[in-house]
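A short write-up of the structure that comes next.
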Amino acid sequence: MAREDIDLDHLDVRRAPEASGTGPVTSPDGVIIVVRQAFGPTGESLVGVSDVTFDGYPAITVGVRTSDGEGFVHLSPIHGDRRKQTDLAIEPGTKCELFCPVSREPLHRVGRVVEGEDAEYYAIYLTPKLDRGSAIYVSDVWGHYHSRIVDEGELISAWAASVDK
């Protein structure tokens, strides 16, 4: 892909400090991907909804509902970083309903991405166009860390997967 085809205004690529096992996915030269904008099902921003940050970057906030209650989960915007902040106590493996913390509308269902998994995926859009071709697909199973960043047919996930080998 040519550099002029990349939306550099909304992609933050930097050299990363040494990462721990729970930190971001980094390439051999220390590059990380940071999501600086994300949108809910009716176009509201999910970045900076709270004052929670990860390494100085505002969190992506999602509403989560289970049979035991509901609340907000603040996700790291750094691709591959499993950190999150919440006051919820949810057992790993619990199926969750995901909703927008602003409009309270359910996130758009994408469906199953991996055959044989119980997890279904929901879209957090990367542009105000709300296009599923440019989105973060997050799992509805608590503790299932197999989210995907899709942009033009899995471009970012494919890049990260190749770097992680």
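The values are calculated or read from the model by the stated rules, or taken from the named source; none is laboratory data. Quick caveat, the model's predicted, so the values are computed rather than measured. Positions of Cβ are backbone-derived with ideal geometry, glycine not excepted, and every protein chain shown enters the neighbour counts.
Just checking, does region 142-154 include any residue being at pLDDT 80 or above and not polar (S, T, N, Q)?
yes
Could you tell me whether any residue of region 78-89 is part of a loop (DSSP other than H, G, I, E, B), modelled with pLDDT of 90 or more, closer than 24 Å to PHE54 by Cβ and polar (S, T, N, Q)?
The answer is no, given that none of the residues of region 78-89 is part of a loop (DSSP other than H, G, I, E, B), modelled with pLDDT of 90 or more, closer than 24 Å to PHE54 by Cβ and polar (S, T, N, Q).
Of everything in region 40-76, what is within 11 Å of the chain's Cα centre (by Cα) and in a strand (DSSP E or B)? Give them in sequence order.
Within region 40-76, VAL47, ILE60, THR61, VAL62, HIS74, LEU75 meet the criteria.
Can you tell me which residue within region 93-111, out of those that are surrounded by fewer than 14 Cβ atoms within 10 Å (Cβ to Cβ) and either modelled with pLDDT of 90 or more or in a loop (DSSP other than H, G, I, E, B) (or both), is nearest to the chain's Cα centre (by Cα)?
Only one residue tops the list, namely ARG109.
Might you check whether a residue that is surrounded by fewer than 18 Cβ atoms within 10 Å (Cβ to Cβ) and either under 23 Å from ASP131 (Cβ atoms) or touching a residue at least 60 places away in the same chain (Cβ under 8 Å) (or both) occurs anywhere in region 83-92?
Within region 83-92 (the criterion being surrounded by fewer than 18 Cβ atoms within 10 Å (Cβ to Cβ) and either under 23 Å from ASP131 (Cβ atoms) or touching a residue at least 60 places away in the same chain (Cβ under 8 Å) (or both)), the answer is yes, since at least one residue qualifies.
Filter region 118-148 down to residues that are of a type in the set (Lys, Arg) and in a strand (DSSP E or B), then give me how many there are.
Selection size over region 118-148: 1.
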